[in-house]
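**Student:** Dumping the structure here so I can ask a few things about it.
The values are calculated or read from the model by the stated rules, or taken from the named source; none is laboratory data. Just so you know, these numbers come straight off a predicted model, no measurement behind them. As a convention, Cβ positions derive from the backbone with ideal geometry for all residues, glycine included, and neighbour counts pool all protein chains shown. Surface areas here come from the heavy atoms of the whole protein model, side chains and all, with no ligands, DNA or RNA. Shrake-Rupley method; radii C 1.70, N 1.55, O 1.52, S 1.80 Å.
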Amino acid sequence: MKAYDISEYFLEILKNDMSPAIGAMMALMESLRRDDSTTLQEFIEKMKEEREKLSKVDVSVVSVSSGSELFMRFITLAHQELEQAADFASCREILLRRGEEFVKNMQESRKKILRSSTNLIKDGMVILTHSRSRNVLAVMSEAHKQGRQFSVFVTESQPDNAGRRMAKELQAVGISCIVILDAAVGYIMERVNAVMLGAEGVCENGGIINKIGSCNVATLAHMKNKPVYVLVESYKFIRRIPLDNSSLPKSYLHKASVLKNGSDLDLEHPQVDYTHPDNLTLLYTDLGVLPTSAVTEHLIKLYT
């Protein structure tokens, strides 16, 4: 039988358009099922190594790291229960049970976001979105199913044209949309009623890390007094407060393969940027509708 490789398992999961954060949790669960540690400390060290392997896969490091950290925090949080276990075999059963419970709850996040954003899209709205977000797609699709009439401008989102994929998926469910150049955001902004974005990560101060260009979109929207709504799961909340884009970790900005090859990063196109919370209006999450200022409080709850 082929030895388990967490990176390969993770990439296989992602082929089903799974959120990288959820995929990372599922891959860690599989590692836990196959683990042969004899002590809790040995287990924690092995899982640390597995998380390190996931960070070297060419996907969103931001959401993978936040999801992985929260997963490990949750399953090991039952200190008293783990300490009372007769042996590590009993500990493993507790860890597995808590892990399965956590992943199941996190997989329900999008449904909860749909509930929190029920009245977000109204008849006649013109919406601008950037790149491709599973949550934005789900909320728009649900609003369309409920009979609401609205139209969408989608940035093409260079360099990978993720917006074009988003547009095709919106059109496939019958939503009227137009792909625009990234450079046309300022021109289009005066015609829209609201901006809707996803996020790869939500910082402790309520700012977001998302596909490169999100900062431009949100900043222009703020200047034009257009609301900017972010649809994002709480497992993407991260304990980090960037001062600005230049303070983002290189691992967030560039693919793992680029960093590994020692490329000249000044010549590499960054994958994400940071949007200050002042340019965002509300976060629509599985925890409900939150102002950006509420993220710190919820992070404290998540990690205690």
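**Student:** Please enumerate the residues belonging to the range 273-289 that are more than 18 Å from His130 (Cβ to Cβ) and of a type in the set (S, T, N, Q).
**Tutor:** Result: Thr285, single match.
**Student:** Further question: Any chance you could count how many residues in the range 113-146 are within 21 Å of Pro291 (Cα to Cα), of a type in the set (Ser, Thr, Tyr) and without any contact (Cβ under 8 Å) to a residue 60 or more places away in the chain?
**Tutor:** 1
**Student:** Report yes if Met106 is more than 23 Å from the chain's Cα centre (by Cα) and surrounded by 16 or more Cβ atoms within 10 Å (Cβ to Cβ), otherwise no.
**Tutor:** Criteria not met by Met106.
**Student:** Filtering the range 275-289 down to residues that are over 20 Å from Pro242 (Cα atoms) and touching a Leu at 6+ places or on another chain (Cβ under 6 Å), which residue is least open to solvent (accessible area, probe 1.4 Å)?
**Tutor:** Among residues in the range 275-289 that are over 20 Å from Pro242 (Cα atoms) and touching a Leu at 6+ places or on another chain (Cβ under 6 Å), the one least open to solvent (accessible area, probe 1.4 Å) is Tyr284.
**Student:** Can you confirm whether Asp17 is under 23 Å from Ser234 (Cα atoms) and surrounded by fewer than 22 Cβ atoms within 10 Å (Cβ to Cβ)?
**Tutor:** Judged against the criteria, Asp17 is a match.
**Student:** Would you mind stating whether His222 is at pLDDT 95 or above and more than 17 Å from the chain's Cα centre (by Cα)?
**Tutor:** The answer is yes for His222.
**Student:** For the range 1-12, which residues satisfy the criterion of being modelled with pLDDT of 90 or more and more than 14 Å from Ser60 (Cα to Cα)?
**Tutor:** Asp5, Ile6, Glu8, Tyr9, Glu12
**Student:** Give me the pairs: first residue in the range 13-37 and touching a residue at least 24 places away in the same chain (Cβ under 8 Å), second residue of a type in the set (Asp, Glu), beta-carbon distance under 6 Å, and six or more apart or on different chains, which are they?
**Tutor:** Ser31/Glu50
**Student:** In the range 204-245, which residue that is of a type in the set (A, V, I, L, M) and part of a loop (DSSP other than H, G, I, E, B) is farthest from Tyr284 (Cα to Cα)?
**Tutor:** The selected residue is Leu243.
**Student:** Determine whether the range 127-148 contains at least one residue that is within 21 Å of the chain's Cα centre (by Cα), among the polar types (S, T, N, Q) and open to solvent by 60 Å² or more (accessible area, probe 1.4 Å).
**Tutor:** no
**Student:** Out of Ile188, Ile208, which single residue is open to solvent by less than 50 Å² (accessible area, probe 1.4 Å), touching a residue at least 12 places away in the same chain (Cβ under 8 Å) and under 16 Å from Met223 (Cβ atoms)?
**Tutor:** Ile188
**Student:** Please specify each residue of the range 20-47 satisfying the condition of being exposed (fewer than 15 other Cβ atoms within 10 Å of the Cβ) and either hydroxyl-bearing (Ser, Thr, Tyr) or within 22 Å of Ser109 (Cβ to Cβ) (or both).
**Tutor:** Thr38, Thr39
**Student:** Please work out which residue is modelled with the lowest pLDDT, limiting yourself to the range 48-74 and to residues that are crowded, with 18+ Cβ neighbours inside 10 Å and either farther than 30 Å from Leu253 by Cβ or small (Gly, Ala, Ser) (or both).
**Tutor:** Ser60
**Student:** Still on this structure: Given the criterion touching a residue at least 12 places away in the same chain (Cβ under 8 Å), closer than 29 Å to Lys255 by Cα and open to solvent by less than 10 Å² (accessible area, probe 1.4 Å), identify the matching residue among Val179, Val154.
**Tutor:** From the options Val179, Val154, the qualifying one is Val154.
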